[in-house]
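For reference, the structure discussed in these notes is given below.
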Ligand code: DI6
Ligand code: FE
């Protein structure tokens, strides 16, 4: 039973606080938005729908977390302690820790356990109004283990009220059995893993960690070639620890997004603009590794590159399960504005997934996915820290989450 009129609400349909409607309503039929706008303009045909009174609460599109690594085994609190004692993230990685230590733990963890652990990381996001999430593989680094991660990601989307977009990140790190043979590993990624996983319907996009502790430009390009041959869109982890030029390469492959970008230069920004590539900024990782190089916000603004934000949830550099905290960090650490961070978790995040027509904006004909917020002003979404603000989440017209304090309709 999804037909209803949600009314007595303040509507922010595109995640833009300059485009809002007071005393608004949303009419839902068969899980889709049939009409939305000011209540006093409601067409008569919707007046008889079952009514839900939201008591003046704000409504935004369901939020989108467009970059996560939610599925992995174990945790890295010991490494955190080492870093507190002064060892850098790169040093730990070069000494056989870092991503590869999570790969060992992930390979040793069965699919059921991985599912349960990933679900524990996902549910706090859902309670914050997230209705679409991207999940990367990249902690398996062999065919069977990467398959296991992508299957868990798909299964999360079947068991939880969220649209899951999977990304194959086989080129995340060099697995220990390929030490000294990075080109051979990339051959495995391109010729065996990617085709097999794509054939199984497990891959929506392909990503590469292009970095001095990851893969080179030419290795990244081989992965992009293989993805393009398969008709799969690409994205990139680039310019996180140094300027390796990955963004410009990714732009040549019309990448959906280039992510991290602290060391991005003007040529990279211009390449993104020309290719329509979204900049995905990850303030959780910037904060957690105590980075000091800020992403080039002024250049991204000047070139009007759409900026998205994501948690980058992962055990090494961003153990963050809050998109609201991520918005706060983007304001505090990156000096982003409230309109920018709201766009960053709605329409720009949807664009980074190549799903701008489906998520991140509310319009007639779209699936009725929206979040209801207990705030007086939208700026509060980026302002409060560690406080539950979402009172209700509607997905496909159904209430899929309600805070216990609110009516369970
Ligand atoms: N960049 C990151 O920040 C994560 N992956 C990546 O390519 C880190 C992953 C990890 O340390 O486990
Ligand atoms: Fe990442």
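The long axis of helix 323-334 is offset from the longest Cα principal axis of the chain by roughly 70 degrees.
So what is the relative contact order for region 242-328, in percent, with contacts set as C-alpha pairs under 8 Å and at least six apart?
Working: 140 pairs, mean separation 23.8, N = 87.
Worked out over region 242-328, it gives 27 percent.
For the chain, what is the calculated [θ] at 222 nm in deg cm²/dmol (nearest 500), taking -39500 (n - 2.57) for each run of four or more DSSP H residues and dividing by its residue count?
Here the helix-only value at 222 nm equals -9500 deg cm²/dmol.
Averaging 1/r over each pair of different alpha-carbon atoms in region 297-369 and inverting the result gives 13.2 Å, the Kirkwood hydrodynamic radius.
When the Cα atoms of region 327-409 are aligned to their principal axes, the ranges along those axes come out at 38, 34, 18 Å in descending order.
Return the inverse of the average 1/r over all pairs of distinct C-alpha atoms in region 90-133, which is the Kirkwood hydrodynamic radius, in Å to one decimal.
On the way: mean 1/r = 0.0805 Å⁻¹.
It works out to 12.4 Å.
Here is the P(r) of region 48-206: all C-alpha pair distances, binned every 10 Å from 0, give 10, 33, 31, 16, 6, 3, 1 in whole percents. Taking only the Cα atoms of region 309-348, the ratio Rg/Rh comes out at 0.98, with Rh defined as the Kirkwood radius.
Considering every alpha-carbon pair of region 43-142, the percent of pairs per 5 Å bin, from zero through the bin containing the longest distance, is 2, 10, 14, 15, 14, 13, 9, 5, 5, 4, 3, 3, 2, 0. Once the Cα atoms are used to define both axes, helix 111-126 deviates from the longest principal axis of the chain by about 50 degrees. Take the convex hull of the alpha carbons in region 244-402; its mean projected area over all directions comes to 10.0 nm².
Among 89-96, 190-197, how do they line up from the highest to the lowest mean number of other beta-carbon atoms within 10 Å?
Numbers: 89-96: 15.9, 190-197: 18.2.
My ranking of the peptides, most packed first, is 190-197, 89-96.
Stretch residue 301-residue 228 to full length: gain in nm at 0.36 nm per residue minus the Cα-Cα span? Write down the numbers at each step before the final one.
Numbers: separation 73, 0.36 × 73 = 26.28 nm, distance 2.91 nm.
Contour length minus Cα-Cα distance gives 23.4 nm.
Here the alpha carbons of region 1-101 define both size measures, Rg and Dmax, at 23.8, 68 Å. The packing ranking, built from the mean of other Cβ atoms within 10 Å per residue, places the peptides 272-279, 229-236, 373-380, 319-326 in the order 319-326, 272-279, 229-236, 373-380, highest first.
A P(r) calculated from all alpha carbon pairs of region 171-299, with 10 Å bins opening at zero, reads 13, 43, 33, 11, 0 percent. Projected onto its three principal axes, the C-alpha set of region 61-101 covers 42, 19, 16 Å, listed from the longest axis down. Taking the square roots of 5 times each eigenvalue of the Cα gyration tensor of the chain, largest first, gives ellipsoid semi-axes of 36, 22, 20 Å.
Relative to the longest principal axis of the C-alpha atoms of the chain, give the angle of the C-alpha long axis of helix 217-229, reported between 0 and 90° and rounded to the nearest 10°. Around 50 degrees separate the two axes.
Please state the relative contact order of the chain as a whole percent: Cα pairs under 8 Å, 6+ residues apart?
Working: 945 pairs, mean separation 79.5, N = 409.
RCO, the chain: 19 percent.
Give me the compactness ratio for region 173-216, meaning the Cα radius of gyration over 2.2 N^0.38 Å. Kindly include the intermediate steps, with their values, before the conclusion.
Working: Rg = 11.4 Å, N = 44, 2.2 N^0.38 = 9.3 Å.
That ratio works out to 1.23.
Note the per residue figure in Å³ for the convex hull of the C-alpha positions in region 104-174. Mind showing how you got there, number by number?
On the way: hull volume 5.7 nm³, N = 71.
Dividing the Cα hull volume of region 104-174 by its residue count gives 80 Å³.
The residues 348, 313, when put in order of fewest to most other Cβ atoms within 10 Å, stand as 348, 313.
The fewest-to-most ranking of 384, 35, 58 by surrounding Cβ atoms within 10 Å reads 384, 35, 58.
As a length-normalised measure over Cα pairs under 8 Å and 6 or more apart, the relative contact order of region 275-405 settles at 20 percent. Sorted on the mean count of surrounding Cβ atoms within 10 Å across their residues, most packed first, peptides 143-156, 252-265, 40-53 read 252-265, 143-156, 40-53.
Assuming a viscosity of 0.890 mPa s and a temperature of 25 °C, what translational diffusion coefficient in µm² per second does Stokes-Einstein assign to region 243-298, Rh being the Kirkwood radius over Cα pairs? Don't skip to the answer; put the middle values down first.
Values: Rh = 11.4 Å.
It diffuses with D of about 216 µm²/s by this estimate.
Bear in mind these aren't lab numbers, they're just calculated from the coordinates by the rules spelled out. These figures come from a predicted structure and were not determined experimentally. Positions of Cβ are backbone-derived with ideal geometry, glycine not excepted, and every protein chain shown enters the neighbour counts.
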